[in-house]
1. Against the condition free of Cβ contacts under 8 Å to residues at least 40 places away in the same chain and either open to solvent by 10 Å² or more (accessible area, probe 1.4 Å) or within 14 Å of the chain's Cα centre (by Cα) (or both), how does Lys117 come out, does it pass?
2. Take the residues in the range 135-181 that are among the charged types (D, E, K, R) and in contact (Cβ under 8 Å) with a residue 60 or more places away in the chain, then tell me which one is most open to solvent (accessible area, probe 1.4 Å).
3. In a loop (DSSP other than H, G, I, E, B), farther than 16 Å from Ile70 by Cα, in contact with a Leu (Cβ under 6 Å, 6 or more places away or on another chain) and open to solvent by 20 Å² or more (accessible area, probe 1.4 Å) - does that describe any residue in the range 120-131?
Amino acid sequence: NSTSKINFGDNVKVSGHGFVSTPIVQGQSETYYYLTLNSVTVENMKIPFYKKRISTNDDYDTPTTSEGNIIIDSGTTLTFLPSDMYDDLTSALTESIKDKVIDDPTKNLKVCYESKKGGSDLDIPDVTLHFDGADLVLKPSNTFVPITTDVVCLAMAPSDGPGLAVLGNVAQMNFLVGYDTEQGKLSFKSTDCSEAAQL
């Protein structure tokens, strides 16, 4: 029930202790801001970004990184990852979280747990997104969302297209996100946005 501000202009910068920045990459569409995601870490498991092989003769996907392989979108709720990366990520999370996976009552998401405290009663590890030059640490509130009063689900899903990924708005909660279009950089800083209305 809290609000925060969006600011424009030359004097608006994301800076100070704990801020990280990554290059904005020219993408196929001028509508989106493209970043480069190299890998994701859950505890000690590093999961590379997967891009589907183009040749239909290849049996397997290989970990590859291409520039501008993920867009950041405040209008998309979930974070979408290539299916192989998503599968590896969910395997790492379910191995780390000892509670039993249950079905999503809405039948939309795949990794859900019973929780009467919005996930705070579960031992959910941080998920670190490794962008070019920036490690973005997602807390459990950035990765799991309440679906009902007693169910939380992973706010991520596999993407349909090869190599397509989207960083959604749940993952961006409680971060200051700065778009420096002149320098071609996007910055993040962990912030309690309910307390940041004056920023």
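1. Working: free of Cβ contacts under 8 Å to residues at least 40 places away in the same chain: yes; either open to solvent by 10 Å² or more (accessible area, probe 1.4 Å) or within 14 Å of the chain's Cα centre (by Cα) (or both): yes.
Yes.
2. From the range 135-181, those among the charged types (D, E, K, R) are 135, 139, 150, 160, 180; that's our starting set.
Keeping just the survivors that are in contact (Cβ under 8 Å) with a residue 60 or more places away in the chain gives 135, 180.
Working: Asp135: 84, Asp180: 62 Å².
Step by step, filter the range 135-181, then rank; the result is Asp135.
3. Going residue by residue through the range 120-131, those that are in a loop (DSSP other than H, G, I, E, B) are 120-126.
Next cut, farther than 16 Å from Ile70 by Cα only: 120-126.
Keeping just the survivors that are in contact with a Leu (Cβ under 6 Å, 6 or more places away or on another chain) gives none.
Looking for residues that are in a loop (DSSP other than H, G, I, E, B), farther than 16 Å from Ile70 by Cα, in contact with a Leu (Cβ under 6 Å, 6 or more places away or on another chain) and open to solvent by 20 Å² or more (accessible area, probe 1.4 Å), one finds none in the range 120-131, hence no.
Listed here are the residues, each with its yes/no results for (1) at pLDDT below 80; (2) over 17 Å from the mean Cα position of the chain (by Cα); (3) surrounded by 19 or more Cβ atoms within 10 Å (Cβ to Cβ).
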| position | (1), (2), (3) |
| --- | --- |
| Val14 | no, yes, yes |
| Ser21 | no, no, yes |
| Gly27 | no, yes, no |
| Thr31 | no, yes, no |
| Leu35 | no, no, yes |
| Thr65 | yes, no, no |
| Ile71 | no, no, yes |
| Thr79 | no, no, yes |
| Glu95 | no, yes, no |
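The values are calculated or read from the model by the stated rules, or taken from the named source; none is laboratory data. The structure presented is a predicted model; accordingly, all values stated were derived computationally and were not measured. Don't worry about glycine lacking a Cβ; one is built from the backbone with ideal geometry, like all the others, and counts go over all protein chains shown. All accessible areas refer to the heavy atoms of the entire protein, side chains included, with ligands and DNA or RNA removed. Shrake-Rupley method; radii C 1.70, N 1.55, O 1.52, S 1.80 Å.
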